[in-house]
Structure formats: structure tokens, C-alpha cells
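In what follows, a structure is listed as C-alpha cells, so that the remarks can point back to it.
Please treat every number below as a calculation from the coordinates, not as lab data. Predicted, not measured: the structure shown is a model, and the values here were computed from it. Methodologically, a virtual Cβ is constructed for each residue, glycine included, from the backbone with ideal geometry; neighbour enumeration extends over all protein chains shown.
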Amino acid sequence: MGGRKRGLIVAVVLLAAGALVCCAALASVGFDFSKLSIGNYETNVYAVDGRFQHIIIRGDREKIALAPSEDGECRVVCREDEKEPHTVRVDNDTLTVESTARHTWFFVDFSFFAEGPSVTVYLPRDAFGTLIVEGSTGDVAIPADFSFDSIRVTLSTGSVDCRAASAGAVTVKTSTGGIRIAGVKCAGDVEVSVSTGGTMLENVTCQNLLSSGSTGGLTLKNVIASGAFDLERSTGSIRFEGCDAEVILAKTSTGSVTGTLRSGKVFSAHSDTGRVEVPGDGSGGRCKITTSTGGIRIGIENQ
């Protein structure tokens with residue numbers, strides 16, 4: 001017991017010493033976090049030669065965005081470390097933008113307090129084939145100016161804002177960060193996965209919607225699926241606002257399931273500890289809702 005207490009005291013002393021060192025470092029630069037950023041950043045413009053249909057962007061810790069080109073020319077603008085330039089090439093009908101940075105898990109960079117690295121791809125037209133975006137730490141923005149045959153975004157830590165249309169599937173996965181999908185018309189399935197972070201879908205149409213998450217809520221506003229919703233959360237609530245699908249499956253361990261649907265359903269709802277309020281069975285498809293800790297309250301619009 002005495003040894004454990006001594007260990008705790010040593011740990012507290014080390015934490016306090018570390019805090020003092022950090023404060024001293026910040027004070028030495030006038031609390032200007034940008035001066036603590038690792039690397040010498042510069043902005044470089046890469047001209048894109050050749051025609052392409054598909055786009056692959058592989059980042060490290062930069063913010064990634066697509067934007068329409070005002071002059072009709074394709075180019076890639078990178079704010080990057082002068083020692084870690086990006087590679088930009090066109091081959092096999094594919095534009096590939098790739099970071100040369102390779103940082104380990106213990107890499108520390110204070111650039112998130114200031115303007116950090118970024119990649120912006122300016123595109124001269126609005127329709128493309130496959131879009132693949134992969135990153136470690138950084139946000140991704142895909143505006144409504146574009147449409148793709150399919151979209152796949154995979155991040156470790158970062159938020160995703162996707163508003164582009166897709167003729168096929170839309171897949172967005174992140175470990176830590178929020179996901180927002182808005183105004184998206186998808187002829188195929190939308191699959192959204194997040195470990196820690198909230199998810200918002202608004203004004204979305206698709207065939208099937210599949211969404212899983214560990215920690216964080218899921219909000220659906222005006223989301224319509226011709227097939228099914230298959231929704232699951234470990235810790236977090238699920239909320240519908242004017243949504244509908246032929247089949248709705250919603251499950252959460254810790255959290256409530258609430259909101260409104262557009263049409264009646266044949267309901268099967270169960271909560272271990274919460275109150276359950278659902279309409280009487282309608283003539284629509286099946287709706288099964290289960291939660292361990294949390295209530296269930298569902299209504300039908302205009303009823």
C-alpha cells in the first residue's frame with residue numbers, strides 16, 4: 001500500500017513538472033502556438049497534366065478538400081513541409097495525390113493550433129469516376145459541386161463533410177471525428193462508421209443506409225432509403241426527423257431512439273430500462289428498435 005502511494009506521488013510530481021515545462025515553453029514564444037509547429041511550411045502549386053476519370057488522395061495529417069476550378073484548369077495546391085512535398089501524377093486514368101510524410105504514432109505537432117498542412121484539389125469539371133480519400137489526421141471536405149461513380153473516405157482521426165452525389169456507393173469511415181453527409185443523392189448504399197464522434201445525415205436519398213458507431217450519437221434529418229436502415233450504436237442516441245425506409249432496424253446499448261417517420265410501420269420495440277412509445281401498427285414495412293438503457297419514442301408525421 002505504501003509503495004502504491006509513493007508511486008502516485010511520483011506520478012503527480014512528474015505531471016506537475018511536465019506542465020511547468022510546457023508553460024515555460026509557451027511563455028518563451030509569447031503563447032504563439034504557431035511558433036511551436038514542427039516543419040517549415042510553404043505553399044506549392046502542382047499543375048496536372050493529362051486526362052483522368054478517377055481520383056485518389058492519400059494524406060498524412062493535412063486537411064483535404066476538393067474545389068471547383070474557376071479557370072477550367074486542374075491543379076493541386078499544397079501547404080506542405082518543404083522537406084515532405086506531395087507527389088502528384090496522372091496514370092491509368094487516375095489522378096493520384098500522395099503525401100510523402102511518414103510520422104509515427106508518437107509524433108507531436110502543434111500545427112493544429114495554427115494553419116497546418118493542407119491539400120486542395122481544384123477540378124475543372126463536375127463528374128468523375130471513383131473518389132478515394134485516405135488520411136491519418138486531418139479533416140476532409142467534399143462539396144456539392146461534384147458527382148462521382150463512388151466515394152470512399154477512410155480516416156484515423158478527423159472529421160468528414162461530404163455533400164457530393166454518387167451513382168454508386170458512399171462509404172465514410174473514421175475512428176475519431178465527426179461525420180456529416182448532407183444533400184447527397186446516392187443510387188447505391190451509404191455506409192457510415194465511426195468509433196468516437198457524432199454522425200449527421202441530412203437530405204440524403206439512397207438504397208440502403210448502414211451506420212455503426214461506438215461512442216457518439218446519430219441524427220437523421222429527411223433521410224430516405226428505398227431499402228433499409230441498419231443502424232447501431234454502443235453509446236449514443238439515434239434520432240429521426242422526417243425519415244423513411246422500407247425496413248428500419250435501430251439498436252443502441254446506452255442511449256435513446258426518438259423522432260418521426262414519414263409512414264406507418266409494423267413496430268417491434270423493446271427497452272430494458274426505458275419507456276417505449278410507438279404508434280399502432282400501420283400498413284408499411286417492418287421497424288425493429290431495441291435499446292438496453294434508454295427510452296424509445298417514435299411518431300408518424302401528420303398523425
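Starting at the first residue of the range 215-225, write each ³J(HN,Hα) from the Karplus equation 6.51 cos²θ - 1.76 cosθ + 1.60 with θ = phi - 60°, in whole Hz, x for Gly and Pro.
Result, rounded to whole Hz: 10, x, x, 10, 10, 10, 10, 6, 9, 10, 10.
Kirkwood Rh over alpha-carbon pairs of the range 72-223, then Stokes-Einstein at 10 °C and 1.306 mPa s: what D in µm² s⁻¹, rounded to an integer?
Diffusion coefficient, whole number: 97 µm²/s.
What is the sum of charges around GLY295, taking Lys and Arg as +1, Asp and Glu as -1, for the other residues whose C-beta is under 9 Å from the C-beta of GLY295?
Overall, the nearby charge balance is +1.
If amide hydrogens are placed 1.01 Å from N in the peptide plane, which non-local residues have theirs closer than 5 Å to the one on GLY299?
Sorted by chain and number, the residues that satisfy this are GLY259, THR260, LEU261.
Would you mind getting the Kirkwood hydrodynamic radius of the range 217-303 from its Cα pairs, rounded to one decimal in Å?
12.4 Å
Output the relative contact order of the range 217-303, whole-number percent, from Cα pairs under 8 angstrom with separation of 6+ residues.
28 percent
What does the charge add up to near LEU210, with Lys and Arg as +1, Asp and Glu as -1, over the other residues with Cβ less than 10 Å from its Cβ?
Every neighbour counted, the sum reads -4.
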